[in-house]
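First up is the structure itself, then whatever we jot down about it.
The values are calculated or read from the model by the stated rules, or taken from the named source; none is laboratory data. The shown structure was predicted, so the numbers you read here are calculated from the model rather than taken from an experiment. Every residue, glycine as well, gets a Cβ built from its backbone with ideal geometry; the counts of neighbours run over all protein chains shown.
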Amino acid sequence: MTSTQPDPRSGFPWRGVALGCGLLLVLGVGSCVAAGYYLSRVLREVTGFTLDSTAVEAKAQTIFKHQLPGGAEGMVSFHLGPIEFAGVTNRDGSTILMLGRVDAEVLNENDRQELEASFREQVREWVSESRAGKQVITVERNESRRLCDQSASLLILEGEEQEGSTTVPSVVYQSAVLHQEDLLLFLLISTGNNALLQAEQVFASLDCP
């Protein structure tokens, strides 16, 4: 009886397809990695984007001098044209301070007022929409405070925030001032049982460089 041996070449097309798909996958992943590396490099070169904690904290201090309870750690900093941004937090993450500076040479008085009003409204929307279900605001008020040796309108939002299965106090401070013709803005978020006290301490430490 003659046995029929499978033709070893019969599976070749499928192996070729599999090899081709595998090669395309590798090339695709490689292309994505290369593109990501290129874009991240361009991003760093064009915007100065960095996550380096030391560099971010140094940049933040050039926008507003500040002190955070337990010390500050940089999160991210970058610039988009005339706008500089830096975000820092304290070591336990209970306080976040976001700082911005806009070159006033590109703003007239109307533009500056519109930018301040827009920033304040965006803070309200961010708290009410982006943090809906996590943070509930119970008190909103505006106070006249001293900042950088001048009068500033301080928006204060007090409420509660859900942390796991517990509810803790939450406070948001926001304001802006002109300094050497630049517009300086900040957003401060503090959570925890000492949220208001920490927010006051951080605000008291703010000063123009």
| How many of the residues making up the range 91-112 are closer than 29 Å to ASN193 by Cα and either assigned to a loop (DSSP other than H, G, I, E, B) or free of Cβ contacts under 8 Å to residues at least 60 places away in the same chain (or both)? | 4
| message | Would you confirm, using the coordinates I've provided, whether ARG141 is under 18 Å from LEU197 (Cα atoms) and free of Cβ contacts under 8 Å to residues at least 12 places away in the same chain? | response | no
| request: List every residue pair whose Cβ atoms sit under 8 Å apart, with the two residues 6 or more apart in sequence or on different chains, where the first one lies in the range 47-69 and is in contact (Cβ under 8 Å) with a residue 24 or more places away in the chain and the second, anywhere, is basic (Lys, Arg) and surrounded by fewer than 16 Cβ atoms within 10 Å (Cβ to Cβ). | output: THR50/ARG44
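Of the residues SER151, SER128, SER77, only one is small (Gly, Ala, Ser), in the same structural domain as LEU178 (by TED's automatic domain parsing) and in contact with a helix residue (DSSP H, G or I) (Cβ under 9 Å, 6 or more places away or on another chain); which?
SER77
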| field | the range 183-209, subset out of contact with any Gly (no Cβ under 9 Å at 6 or more places or on another chain) and of a type in the set (Val, Ile, Thr), residue modelled with the highest pLDDT | value | VAL202
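May I ask you to verify whether LYS59 is touching a strand residue (DSSP E or B) at 6+ places or on another chain (Cβ under 8 Å) and surrounded by fewer than 18 Cβ atoms within 10 Å (Cβ to Cβ)?
On the way: touching a strand residue (DSSP E or B) at 6+ places or on another chain (Cβ under 8 Å): yes; surrounded by fewer than 18 Cβ atoms within 10 Å (Cβ to Cβ): no.
No: the conditions fail for LYS59.
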| task | Scan the range 97-145 for residues that are among the polar types (S, T, N, Q) and at pLDDT 80 or above and jot them down. | result | ASN110, GLN113, SER118, GLN122, THR138, ASN142, SER144
| Could we say that THR167 is over 20 Å from LEU115 (Cβ atoms), modelled with pLDDT under 95, polar (S, T, N, Q) and in contact with a Ser or Thr (Cβ under 8 Å, 6 or more places away or on another chain) here? | no
